[in-house]
1. With labels modelled as points extended 7 Å from the Cα through the Cβ direction, what inter-label distance (nm, one decimal) is found for residue 72 paired with residue 53?
2. Filter the chymotrypsin sites (Phe, Trp or Tyr not before Pro) in the range 93-137 to those in DSSP coil with at most 10 other Cβ atoms within 10 Å of their Cβ, and list the result.
3. Between residue 38 and residue 100, take the C-beta separation as r, use R0 = 22 Å, and let me know the FRET efficiency to the nearest 0.05.
4. Select from the range 25-97 those GluC sites (Glu not before Pro) which occupy a DSSP coil region and have at most 14 other Cβ atoms within 10 Å, ordered by residue number.
5. If you average the C-alpha positions of the range 77-146 and of the range 9-48 separately, how far apart do those two centres end up, in angstrom?
6. Can you give the extra length, in nm with one decimal, that the chain gains between residue 118 and residue 3 once fully stretched, where that is 0.36 nm per residue apart less the Cα-Cα distance?
7. Do the sum for the chain: with -39,500 (n - 2.57) for every DSSP H run of n ≥ 4, divided by all residues, what is the mean residue ellipticity at 222 nm, to the nearest 500 deg cm²/dmol?
8. Give the residue list of trypsin sites (Lys or Arg not before Pro) in the range 3-98 that are DSSP loop and have at most 10 other beta-carbon atoms within 10 angstrom.
Amino acid sequence: NLTQRSIQPAIMDRLALFNYMIGNYDWSIAGQHNIRIIRSQADSLKLGIAFPYDFDWSGLVDAAYAIPAENAGVKSVRERVFLGMCRNRDTYQKDLELFLSKKEEFYRVINKFPFIDQKDKRDMTGYLDGFFDEITRKDFIDTLLRTCKKF
């Protein structure tokens, strides 16, 4: 009976945008696919916290074996798909500003990681450039509102 409504809203929204940023549509709250969920007994609403993992099918990783599922509606894992639930403009705007404020940190993690070669680091940061360019467009929130999931 899990849906995105079962997760703390701020956590759910950031998880959905993070997965959009890295080009990962290979996750599901309902199926608990590539997601771990914990709930606190102290939380009176019993809303969970979701943790994403397993990003090998994401556009950011771009694994050679990653082929989109036929029902995904994309031709490449490098295409981004927003799977988050519908929110209002202010909520999306606040979350997008948070991601923009963390941009350099995302790049720093990639560039300081010793086990990725320079070519792949450039590819990954270039892929993130596409996300950051996209979210600064005036009509980007309209895109989210058109593609978001109604639960």
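Only the coordinates and a few stated rules stand behind these numbers; no lab work does. If you're wondering where the values come from, they're calculated on a predicted model, not measured in any experiment. Backbone-built Cβ (ideal geometry, glycine too); neighbour counts: all protein chains shown.
1. Result: 2.1 nm between the two label points.
2. Those that pass, being in a loop and sparsely packed, are 115.
3. FRET efficiency, residue 38 to residue 100: 0.20.
4. Here the sparse-neighbourhood loop sites are 79.
5. So the separation of the two Cα centres works out to 17 Å.
6. Value of the extension gain: 37.5 nm.
7. Helix-only estimate at 222 nm: -13000 deg cm²/dmol.
8. 46, 75
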